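The values are calculated or read from the model by the stated rules, or taken from the named source; none is laboratory data. Predicted model, so just to flag it, every value in this text is computed and none were measured. Cβ sites come from the backbone with ideal geometry, for glycine too, and all protein chains shown count toward neighbours.
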Amino acid sequence: MGTTSITVSTSIELALTPMMAFTVFCQELAIALEQTGLHLEPGKDGSISEGNFQVGRVISWVPGEVILFQWHQSSWHEEEPTQIEIRFTASNDGTRITLTQQGSSQFISGPDELAGWFASTMAAPLLKALAPVTFGDWLTDRQARRPTGSQAREVYRDPLYHYPNFYALLAELALSSDDYLVEIGCGGGALLKEALKSGCRAAAIDHSVDMVRLAQEVNAEAIEKGRLRIQQADAAQLPFAATTFTCAAMTGVLGFLPDALSALKEIQRVLVPGGRLVMLGSDPALRGTLAAPEPMASRLHFYTDDELQQLAIQSGFSNARVVRRDLALFAQQVGIPQEHRFLFTGPVAPLLLAQKD
């Protein structure tokens, strides 16, 4: 079998300096690769690995200029490595990032097969990524379902428009120093920070690596003192023993859960007898509003008050009921701009209140 020469190149322009583009790109690349099963070890002696196999070895790492990998496409057959270069070039608009692979493969026999490889593994995934469903999914994940990136970290560090909901939820919980709270989907840890002012202990999970790190940073003092632990986990598989917590909270998460019933069963499992749950619902009236715009609205599951109550009962909770709260006072207290306070006026917040037998 002969070898086929391969050159693949793609680029993007960013309105950033080369050094800033380099830093941001490397951060984003590491997160994205982890989600695909690859691990980036940055730096001059760095690498990219897939399991125990080193796919790429850094042979040049010049911040703001270039990253060059010696790349192995095959783990099952010895072959000549290719090279993958990521170059950062100053341009009129900021920085052009160009990724280029050069080399050859003995597994692709001729131009027909090379066309097939390029169409199926490069062109089609790119076109799919640019189509509405995939792009909408990416936006939803990036901004709300699995917040990631510098903008998400900035928003969720101090989420002004979430505080009215937080304070309504905390008012229903009425935490004391005797409580041990678990939060499902903690985001950047802002609700936890407010909850801990009661003197309680807490634990939390989120499935976003970025949000877990941010929540840990925001609540570093409480973690250091042993009052709080935060970890990455799935809401349907909580990493806690049964009958651990006195209360549970969840806000802004329910509509995104692929299996809400399993998640609520898990919350019920980890609560002590008599433990209480306060959860913000996902109101159908919010569909298409500033609180649930597209493309998020198409990817949210909305629950009526009756459906929310039945969900809790099916999960094993007793005394489940939905109350609606006016958040206007909280909106004023936290400084929501006057022109947006109408969003918080009236019985706009459906809160599920449930208790474990």
Subset tally (residues that are at positive phi and small (Gly, Ala, Ser)) for region 234-278: 2
Boolean, SER198 is in the same structural domain as THR243 (by TED's automatic domain parsing), among the hydroxyl-bearing types (Ser, Thr, Tyr), surrounded by fewer than 21 Cβ atoms within 10 Å (Cβ to Cβ) and touching an Asp or Glu at 6+ places or on another chain (Cβ under 8 Å): yes
Test: PRO164 is more than 25 Å from PRO239 (Cβ to Cβ) and either of a type in the set (Gly, Ala, Ser) or crowded, with 19+ Cβ neighbours inside 10 Å (or both): yes
The one condition in (1) within 19 Å of GLY37 (Cβ to Cβ); (2) over 30 Å from the mean Cα position of the chain (by Cα); (3) surrounded by 15 or more Cβ atoms within 10 Å (Cβ to Cβ) that SER74 fails to fulfil: (3)
Residue check for LEU16: under 30 Å from ARG213 (Cα atoms), hydrophobic (A, V, I, L, M, F, W, C) and free of Cβ contacts under 8 Å to residues at least 40 places away in the same chain: no
Hits in region 214-264 (condition: outside any strand (DSSP E or B), buried (at least 17 other Cβ atoms within 10 Å of the Cβ), polar (S, T, N, Q) and touching a residue at least 40 places away in the same chain (Cβ under 8 Å)): THR251
From the options ALA171, ALA233, ALA195, residue that is in contact with a Leu (Cβ under 7 Å, 6 or more places away or on another chain) and not aromatic (Phe, Trp, Tyr): ALA195
Set ILE31, ILE48: member being within 25 Å of the chain's Cα centre (by Cα) and not in a helix (DSSP H, G or I): ILE48
Extreme residue, modelled with the lowest pLDDT, among residues of region 283-309 that are hydroxyl-bearing (Ser, Thr, Tyr) and touching a Leu at 6+ places or on another chain (Cβ under 9 Å): THR289
Residue in region 38-52 that is touching a Ser or Thr at 6+ places or on another chain (Cβ under 9 Å), under 22 Å from THR148 (Cα atoms), hydrophobic (A, V, I, L, M, F, W, C) and in the same structural domain as ILE97 (by TED's automatic domain parsing) present: yes
Number of the exception - ILE267 against (1) over 22 Å from the mean Cα position of the chain (by Cα); (2) in a helix (DSSP H, G or I); (3) surrounded by 14 or more Cβ atoms within 10 Å (Cβ to Cβ): (1)
Residues that are within 29 Å of the chain's Cα centre (by Cα) and in a strand (DSSP E or B), drawn from region 51-61: PHE53, GLN54, VAL55, GLY56, ARG57, VAL58, TRP61
Tally of residues being surrounded by 14 or more Cβ atoms within 10 Å (Cβ to Cβ) and at pLDDT below 95 across region 108-141: 4
Helices (runs of 4 or more DSSP H) contained in region 121-213 and holding at least 2 residues closer than 28 Å to ARG325 by Cβ and small (Gly, Ala, Ser): 163-173, 190-195
Region 81-101, residues that are touching a strand residue (DSSP E or B) at 6+ places or on another chain (Cβ under 7 Å), free of Cβ contacts under 8 Å to residues at least 40 places away in the same chain and either not assigned by TED's automatic domain parsing to the domain that holds ALA15 or not β-branched (Val, Ile, Thr) (or both): PRO81, GLN83, GLU85, ARG87
Hey, ASP206 assigned by TED's automatic domain parsing to the domain that holds ILE267 and in contact (Cβ under 8 Å) with a residue 40 or more places away in the chain or not: no
Filtered residues of region 136-154 (kept if without any contact (Cβ under 8 Å) to a residue 24 or more places away in the chain and closer than 20 Å to ALA292 by Cβ): TRP138, ASP141, ARG142, GLN151
Qualifying residue in region 214-229 (condition: at pLDDT 95 or above, closer than 27 Å to CYS26 by Cβ, in the same structural domain as PHE256 (by TED's automatic domain parsing) and within 13 Å of the chain's Cα centre (by Cα)): yes
Within region 311-352, tally of residues that are among the small types (Gly, Ala, Ser), exposed (fewer than 13 other Cβ atoms within 10 Å of the Cβ) and farther than 28 Å from VAL270 by Cβ: 2
